[in-house]
Amino acid sequence: MVIIGGDILNNCFQMRRKGMGIFWNRVMRAAKLEVNLYEEVEADQRALTQAIAVVVLSSVAAGVGTIGVVGISGIIMGTVMSLIGWCIWAFLIYLIGTKLLPEPQTKADYGELLRTIGFASSPGLLRILGIIPGLMLITQSVASIWMLVATVIAVRQALDYSGTLRAVGVCAIGWIIQIAISMVLFRV
């Protein structure tokens, strides 16, 4: 009985390790801007939890990365601001991309878009390096630009756009509106 129980436990741990391996593999592929990854998570309805985890981890990294400038309260405020900003941007991208600027072949539901742009937040994990004195501005800037590029790719794939320019427009318009809303909400 103990051996059987031990085997079951061992199998559970191996499956969990494998699942984490798949998760981190996807995070790395998203950061490498691999187009196939965005197609993969768009089609995988089970990837929504992973996409949400990427957004949360990226937001926490943003919060931790502000400690050197804002202090310990930066963890909470930076995380909350990052999460709210991402949610606003995700909704705006969906609205603009599917309702205002769709192409004839654009067919995407909110879940498909959330999965792809969730993984596009993976470069945001670098923002944790902002905790190193003098690196906050550079890590926040590099991560933000990298996430913007990843989001353009994610949007292009999720919304089945034939080219990148429309995805750039959707992301840029949404980003500008999101910044304006965030400035009002957080009085930045």
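This table checks each residue for (1) more than 14 Å from D160 (Cα to Cα); (2) not in a helix (DSSP H, G or I).
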| position | (1), (2) |
| --- | --- |
| W86 | yes, no |
| F91 | yes, no |
| Y94 | no, no |
| E103 | no, yes |
| A108 | no, yes |
| G111 | yes, no |
| L114 | yes, no |
| L125 | yes, no |
| I128 | yes, no |
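Cβ-Cβ contacts under 9 Å between residues 6 or more apart (or on different chains), taken from a first residue in the range 139-160 that is closer than 10 Å to L33 by Cα to a second residue that is among the charged types (D, E, K, R) and assigned to a loop (DSSP other than H, G, I, E, B), are listed as I153/E34. Residues of the range 157-175 that are among the hydrophobic types (A, V, I, L, M, F, W, C) and under 10 Å from W89 (Cβ atoms): C171, W175.
Here is a yes/no grid of residues against (1) over 23 Å from L126 (Cβ atoms); (2) in a helix (DSSP H, G or I); (3) modelled with pLDDT of 95 or more:
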{"site": "N10", "(1), (2), (3)": "yes, yes, no"}
{"site": "R16", "(1), (2), (3)": "yes, yes, no"}
{"site": "F23", "(1), (2), (3)": "no, yes, no"}
{"site": "R29", "(1), (2), (3)": "no, yes, yes"}
{"site": "Y38", "(1), (2), (3)": "no, yes, yes"}
{"site": "V54", "(1), (2), (3)": "no, yes, yes"}
{"site": "G63", "(1), (2), (3)": "no, yes, no"}
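From the list I176, I132, the lone residue that is out of contact with any helix residue (DSSP H, G or I) (no Cβ under 7 Å at 6 or more places or on another chain), surrounded by fewer than 17 Cβ atoms within 10 Å (Cβ to Cβ) and farther than 19 Å from T66 by Cβ is I176.
Only one residue in G85, G65, G74 is crowded, with 16+ Cβ neighbours inside 10 Å and within 25 Å of I173 (Cα to Cα), so which one is that?
On the way: G65 fails: within 25 Å of I173 (Cα to Cα); G74 fails: within 25 Å of I173 (Cα to Cα).
Step by step, each of G85, G65, G74 is checked, and only G85 is crowded, with 16+ Cβ neighbours inside 10 Å and within 25 Å of I173 (Cα to Cα).
The values are calculated or read from the model by the stated rules, or taken from the named source; none is laboratory data. Since this is a predicted model, take the numbers as computed values, not measurements. Every residue, glycine as well, gets a Cβ built from its backbone with ideal geometry; the counts of neighbours run over all protein chains shown.
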